[in-house]
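Engineer: Structure provided below as structure tokens; questions to follow.
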Amino acid sequence: MKLKKLKTQKEFLEILMDNLETKMFVFNEDMEIQELNKSSGKMISLDLNDIYGKKCGDLLQCANAVEENKGCGETSKCHECHLRNSVYDSISKNSHTNKKILSREDYVCGKKEEKFFLYSSKKIAYNNKDMSLVLIDDITEIEKSRKKLHELSITDELTGIYNRRFIFESIKKEISRSERNGGIYSLMLIDIDFFKKVNDLCGHLGGDEVLKNVASEIKNNIRNMDLFGRFGGEEFILLLPETDLELALLCAERLRKAVESITFPKVGHPITVSIGVGQYSIGETLDDILDRVDKALYKAKNNGRNRVEVSENAKTLQDS
């Protein structure tokens, strides 16, 4: 009777496991699959009988293994694999990994794709040996949607560069970092000259094309570490981390010339920009440095446009 009850319980657990959407694996220290449920088999798209004893990275076509033409556990980056490390730690150190996001690159139908999984691992006894029970949920589509929504929230819809809110938040972070570490950064405001005439001549759609082309040209002439965004209307803002005023001025002049070199047949004349530049001074707020750089921009416009002007030093303003 007891034996029959145990058999019934085992069958129930097997049915339960096989009907869970969560993927369940039992791994040994070498990442060889000892047990799994049906949902795991669907994830790998192989018959269950072809999976037992195989290594996880080989079955999922880990990008590192494919590109180095090596097996799971043999590549130069296996030591960086969070899943492998959590399995090893759960067995050797009896540590339990709570749900974590695992990002990895796998080959799917010959194409490298970034995949995201929510996983956990725990030490169990299986066939009288220490193993690791790993639960995995594929959250790739959820994570991609989350990333897309984040990108949309920080991006200017027309030009594809950062929006004003993101740049302002980035400047505040630079201010905090500068106050902690004594670092420097510079700020630039860039305004398209006579943009109203462009709209009058080409219409708003033509004006939009000018905005997009100017934004693209500037973006192509800055460093990856620089943060470039739309300030509003025909005005742009550029944050230059770890950059003093001298370097910022060289950058501004390069950008001015780059924009002037763009050809706009519909406009009939070169598009130019006026630029105000300033270096952050310790103790300034976001409003302080924006005000200084904005005054430099208006100085450039009042002095004939298509030029670069430097803001007054913050200390000079305080002393006056």
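Engineer: Can you tell me how many residues within region 171-216 are open to solvent by less than 20 Å² (accessible area, probe 1.4 Å) and over 20 Å from Gly229 (Cα atoms)?
Structural biologist: Qualifying residue count, region 171-216: 3.
Engineer: Name the single residue, out of those in region 60-81 being surrounded by fewer than 19 Cβ atoms within 10 Å (Cβ to Cβ) and among the polar types (S, T, N, Q), that is farthest from Asp30 (Cα to Cα).
Structural biologist: Asn69
Engineer: Please find, within region 273-287, the residue that is farthest from Phe228 (Cα to Cα) out of those that are surrounded by fewer than 17 Cβ atoms within 10 Å (Cβ to Cβ) and of a type outside the set (Gly, Ala, Ser).
Structural biologist: The residue in question is Ile282.
Engineer: What about Lys55, is it at pLDDT 80 or above, of a type outside the set (Gly, Ala, Ser), under 17 Å from Met31 (Cα atoms) and open to solvent by 90 Å² or more (accessible area, probe 1.4 Å)?
Structural biologist: Against the criterion (at pLDDT 80 or above, of a type outside the set (Gly, Ala, Ser), under 17 Å from Met31 (Cα atoms) and open to solvent by 90 Å² or more (accessible area, probe 1.4 Å)), Lys55 does not qualify.
Engineer: Got a sec? Which strands (runs of 3 or more DSSP E) wholly within region 94-168 have at least 2 residues that are open to solvent by 40 Å² or more (accessible area, probe 1.4 Å) and acidic (Asp, Glu)?
Structural biologist: 111-126, 129-138
Engineer: Report whether or not Glu11 is at pLDDT below 85, among the charged types (D, E, K, R) and assigned to a strand (DSSP E or B).
Structural biologist: no
Engineer: Restricting the first residue to region 241-254 and requiring it to be closer than 16 Å to Ile218 by Cα, which pairs with a second residue that is open to solvent by 10 Å² or more (accessible area, probe 1.4 Å) meet a Cβ separation below 7 Å and a spacing of at least six or different chains?
Structural biologist: These pairs meet every condition: Ala248/Gln279; Leu249/Val308; Leu249/Val310; Ala252/Val308; Glu253/Val308; Arg254/Asn221.
Engineer: Further, regarding this structure: For region 213-320, give me every one of the helices (runs of 4 or more DSSP H) that falls completely inside it and has 3 or more residues that are of a type outside the set (Ser, Thr, Tyr) and either under 16 Å from Ile167 (Cβ atoms) or at pLDDT 95 or above (or both).
Structural biologist: Result: 245-260, 286-302.
The values are calculated or read from the model by the stated rules, or taken from the named source; none is laboratory data. The shown structure was predicted, so the numbers you read here are calculated from the model rather than taken from an experiment. Heads up, the Cβs are rebuilt from the backbone with ideal geometry, glycines too, and the neighbour counts pull from every protein chain shown. Side chains are part of the model used for accessible areas, which takes the heavy atoms of the whole protein and leaves out ligands, DNA and RNA. Shrake-Rupley method; radii C 1.70, N 1.55, O 1.52, S 1.80 Å.
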